[in-house]
Amino acid sequence: MSYYVKLEDIWKEYEMKGKKTLVLKGLNLNVEKGEFVVILGPSGEGKTTTLKIIAGLLRQDKGHVYLRGELVDDVPPKDRRVAMVPQNYAIYPFMSVYDNIAFPLKVQHVPKEEIRKKVKEVAEMLKIDNLLDRKPSQLSGGQMQRVAIARALVKGADIILMDEPLSNLDAQVRVLAREELKQLQRNLKPTILYVTHDQIEALSLASKLAIIHDGVIQAFGDPMEIYKNPNSVWVGKFLGNPPMNIIEGKVDNGFIEVEGSKITIPEVYKGIVKDGEKVLIGVRPEDLYISDSGAIEGKVEMVENLGPYSIIHVNVGNTTVRVFEKSMIKRERGDNVKISIDPSKIILFDATTEKNLLLEVAKKSL
């Protein structure tokens, strides 16, 4: 299959003050035409570096970049038909919206009449044709975003790379800008690779989510599938706020023993885990609840009140387990509680490799 954007075994090393840092370590990524791929990861993991390599602004040390099915390793940035929308949009404050959008065409010495036609066309498409005479200081965050995208589209770019473009906006404006961006992508269908460290942005925007860590893509696919069924403990703990609970357990005659309590092994794992085997139980805070019939006993360590719900931190042995609960229920530090777990919501990880046992079995059967 020919992917619209394909990164094949990309390696990149930086040297600063005599010290070498390997940022990308054989990264692979395949993006289909019209997809909205969000690259999510902690700071310093190579997210921006990945975008710059796609745009041709950085050269990878090893590996290959393919755009629209063609190898572009030696193609200069101006000929890749790729546009970068940086964190600050790079909109010139002294220019009108019209001149900002037209700027790439003026640099290419495109005739004035053709510039006028293209700017008008893309401005109407993005519904900013009534803003062409304004200066950037007169625009909202969402409008500035559309101006930056218009400038990308007007020069013929159908692959748009966005590097944390909403991070400078206020929280309320950011929500509106997210909605606008998602709607624009649905209507215009450009291929977008969007870098962020904001998990809410990632989950709400992405048609595909790529989680980067330790120089490679750790997980790639449907955002909610990765959230519900992470392929490793690291991904489960990284994606989600609060993170997935990870609880040590031991298989014992059809049950998993946790701190003296027993949890029924989910049907899908029967035959995969063996008696005496140590496992890690992964379960999201929203899939736990406190009840008198709960299987696991613990003591409330802390309560975070977040409006309609609270996060209850419960000490279970040496592990802190987080539980979502409606705020109308009052809990106090030191309260003894019981936690119920729905076995169907449990993910089991290998205690040694910390990989999702079910996914690893499926991989081996392919």
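The values are calculated or read from the model by the stated rules, or taken from the named source; none is laboratory data. What you are looking at is a predicted structure, and each value in this text was computed from that prediction instead of being measured. For neighbour counting, all protein chains shown are included, and Cβ atoms are generated from backbone atoms with ideal geometry for every residue, glycine included.
Filter segment 326-366 down to the residues that are assigned to a strand (DSSP E or B), at pLDDT 85 or above and either among the small types (Gly, Ala, Ser) or surrounded by fewer than 19 Cβ atoms within 10 Å (Cβ to Cβ) (or both) and list them by number.
Across segment 326-366, the qualifying residues are Asn336, Lys338, Ser340, Asp350, Lys355.
Of the numbered conditions (1) modelled with pLDDT under 90; (2) part of a strand (DSSP E or B), Ala219 fails exactly one; give the number of that condition.
All conditions are met except number (1).
Could you say which residue among Arg151, Arg146 is surrounded by 21 or more Cβ atoms within 10 Å (Cβ to Cβ), farther than 30 Å from Ser310 by Cβ and in contact (Cβ under 8 Å) with a residue 60 or more places away in the chain?
Of the residues listed, the single one that is surrounded by 21 or more Cβ atoms within 10 Å (Cβ to Cβ), farther than 30 Å from Ser310 by Cβ and in contact (Cβ under 8 Å) with a residue 60 or more places away in the chain is Arg151.
If I filter segment 250-268 down to residues being among the polar types (S, T, N, Q) and surrounded by fewer than 16 Cβ atoms within 10 Å (Cβ to Cβ), which single residue comes out as nearest to the chain's Cα centre (by Cα)?
Filtering first and then ranking leaves Thr264.
Let me confirm something: among Ala83, Ala90, Ala102, which residue is surrounded by fewer than 20 Cβ atoms within 10 Å (Cβ to Cβ), under 13 Å from Ile149 (Cα atoms) and of a type in the set (A, V, I, L, M, F, W, C)?
Only one candidate passes the filter, namely Ala90.
Scan segment 6-23 residue by residue and report those that are farther than 22 Å from Arg68 by Cβ and either exposed (fewer than 15 other Cβ atoms within 10 Å of the Cβ) or among the aromatic types (Phe, Trp, Tyr) (or both).
Those that are farther than 22 Å from Arg68 by Cβ and either exposed (fewer than 15 other Cβ atoms within 10 Å of the Cβ) or among the aromatic types (Phe, Trp, Tyr) (or both): Trp11, Glu13, Tyr14, Glu15, Met16, Lys17, Gly18, Lys19, Lys20, Thr21, Leu22.
Of the numbered conditions (1) touching a helix residue (DSSP H, G or I) at 6+ places or on another chain (Cβ under 9 Å); (2) surrounded by fewer than 18 Cβ atoms within 10 Å (Cβ to Cβ), Ala171 satisfies every one except a single condition; which is it?
(1)
Would you mind finding the one in Gly294, Gly221, Gly271 that is surrounded by fewer than 16 Cβ atoms within 10 Å (Cβ to Cβ) and in contact (Cβ under 8 Å) with a residue 12 or more places away in the chain?
Answer to the selection: Gly221.
Only one of Val82, Val107, Val72 is in the same structural domain as Arg174 (by TED's automatic domain parsing), farther than 30 Å from Glu15 by Cα and hydrophobic (A, V, I, L, M, F, W, C). Can you tell me which?
So the residue among Val82, Val107, Val72 that is in the same structural domain as Arg174 (by TED's automatic domain parsing), farther than 30 Å from Glu15 by Cα and hydrophobic (A, V, I, L, M, F, W, C) is Val107.
So, in segment 33-43, of the ones that are touching a strand residue (DSSP E or B) at 6+ places or on another chain (Cβ under 8 Å) and not hydrophobic (A, V, I, L, M, F, W, C), which residue ends up farthest from Gly69 (Cα to Cα)?
In this case the residue turns out to be Pro42.
Of the conditions (1) farther than 28 Å from Lys25 by Cβ; (2) surrounded by fewer than 16 Cβ atoms within 10 Å (Cβ to Cβ); (3) without any contact (Cβ under 8 Å) to a residue 24 or more places away in the chain; (4) not polar (S, T, N, Q), Ile115 satisfies every one except a single condition; which number is it?
Of (1) farther than 28 Å from Lys25 by Cβ; (2) surrounded by fewer than 16 Cβ atoms within 10 Å (Cβ to Cβ); (3) without any contact (Cβ under 8 Å) to a residue 24 or more places away in the chain; (4) not polar (S, T, N, Q), only one is false for Ile115: (2).
Quick one: would you say Ile211 is under 20 Å from Val122 (Cβ atoms), aliphatic (A, V, I, L, M), buried (at least 20 other Cβ atoms within 10 Å of the Cβ) and in contact (Cβ under 8 Å) with a residue 24 or more places away in the chain?
So Ile211 fails the test.
How many residues are under 30 Å from His197 (Cβ atoms), assigned to a loop (DSSP other than H, G, I, E, B) and among the small types (Gly, Ala, Ser) when one looks only at segment 232-276?
Count: 1.
For segment 40-54, enumerate the residues that are surrounded by 19 or more Cβ atoms within 10 Å (Cβ to Cβ) and touching a residue at least 60 places away in the same chain (Cβ under 8 Å).
Leu40, Gly41, Glu45, Gly46, Lys47, Thr48, Thr50, Leu51, Ile54
Looking at segment 311-325, which of its residues are of a type outside the set (A, V, I, L, M), under 28 Å from Ile272 (Cβ atoms) and not in a loop (DSSP other than H, G, I, E, B)?
Answer for segment 311-325, where residues must be of a type outside the set (A, V, I, L, M), under 28 Å from Ile272 (Cβ atoms) and not in a loop (DSSP other than H, G, I, E, B): Thr319, Thr320, Arg322.
Hey, among Val75, Val37, Val5, which residue is touching a residue at least 12 places away in the same chain (Cβ under 8 Å), farther than 28 Å from Ile128 by Cβ and of a type outside the set (Lys, Arg)?
None of the others qualify; the one that does is Val75.
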